[in-house]
1. Quick one: grab the alpha carbon gyration tensor of segment 76-149, order the square roots of its eigenvalues as a ≥ b ≥ c, and give me rounded if a/c is under 1.5, else prolate or oblate depending on whether a/b is larger than b/c.
2. With the crude spin-label approximation of a point 7 Å out along Cα→Cβ, what separation in nm comes out for Ala119 versus Ala168?
3. What's the FRET efficiency of Asp48 with Glu79 using the Cβ-Cβ distance as r and R₀ = 22 Å, to the nearest 0.05?
4. Which of the chymotrypsin sites (Phe, Trp or Tyr not before Pro) found in segment 46-82 are in a DSSP loop and have at most 15 neighbouring Cβ atoms, other than their own, within 10 Å?
5. Counting other Cβ atoms within 10 Å, which GluC sites (Glu not before Pro) in segment 87-169 have at most 14 and lie in a DSSP loop?
6. In whole percent, what relative contact order does segment 99-169 give with Cα contacts below 8 Å and a gap of six or more residues?
7. How far apart, in nm, are the 7 Å Cα→Cβ label points at Ala66 and Phe101?
Amino acid sequence: MKQESHPTRRGLLGLGATAAMGVLALRLSGAGPSAAVAATPAPFRLSDAEWRKRLSPQAYAVLRQASTEYPFTSALNTEHRSGTFRCAGCALPLFASATKFDSGTGWPSFYDHLPNAIAERLDASLGEDRTEVRCARCAGHLGHVFNDGPKPTGLRYCMNGVAMKFAAA
């Protein structure tokens with residue numbers, strides 16, 4: 001029988017803080033509720049053959065088959081310029097460079113994501129409950145999020161570097 005997953009206090013606080021930051025960003029930009037709806041990315045769908053043609057074999061394995069790259073192999077681990085980390089599948093902006101930190105895990109890590117950039121779902125594939133992170137536009141697998149990150153969110157978005165591309169500011 002599957003155990004129910006209950007949100008932790010820290011997770012709820014992090015979710016609340018993320019929501020508050022999003023509302024604040026919308027207000028500061030002068031955008032109203034209609035802009036928030038308009039910012040939701042339109043679905044990006046391709047056939048399996050089109051994905052294979054578009055992506056490298058390793059990027060295909062991660063983004064389309066939820067594989068994981070080996071730790072400490074991504075050039076994005078040492079990327080420290082100002083800019084945006086985008087989905088390698090559909091180019092949706094996912095993470096701002098200002099939220100990147102060195103987690104010591106061997107994968108690019110961030111403490112927050114950009115608004116409307118990701119979707120989360122329960123992943124019990126390794127016999128334990130984890131939270132999988134996917135691109136909100138193309139549903140490509142990016143990695144997982146954990147509750148052991150730095151302030152202000154306490155979250156660690158542990159992403160596969162091959163699932164992203166960096167765009168310098």
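FYI, it's all coordinate maths here, none of it is from the lab. For clarity, every value in this text was computed on a predicted model and none was experimentally measured. Cβ placement follows ideal geometry from the backbone for every residue including glycine, while neighbour counts extend to all protein chains displayed.
1. oblate
2. 3.4
3. E between Asp48 and Glu79, to the nearest 0.05, is 0.15.
4. Numbers: sites: Trp51, Tyr60, Phe72; in loops: Phe72.
Within segment 46-82, the qualifying chymotrypsin sites (Phe, Trp or Tyr not before Pro) (loop, at most 15 other Cβ atoms within 10 Å) are Phe72.
5. Here the GluC sites (Glu not before Pro) that fit, given the DSSP loop and packing criteria, are Glu128.
6. About 29 percent, as a whole number.
7. My value for the distance between the label points is 2.8 nm.
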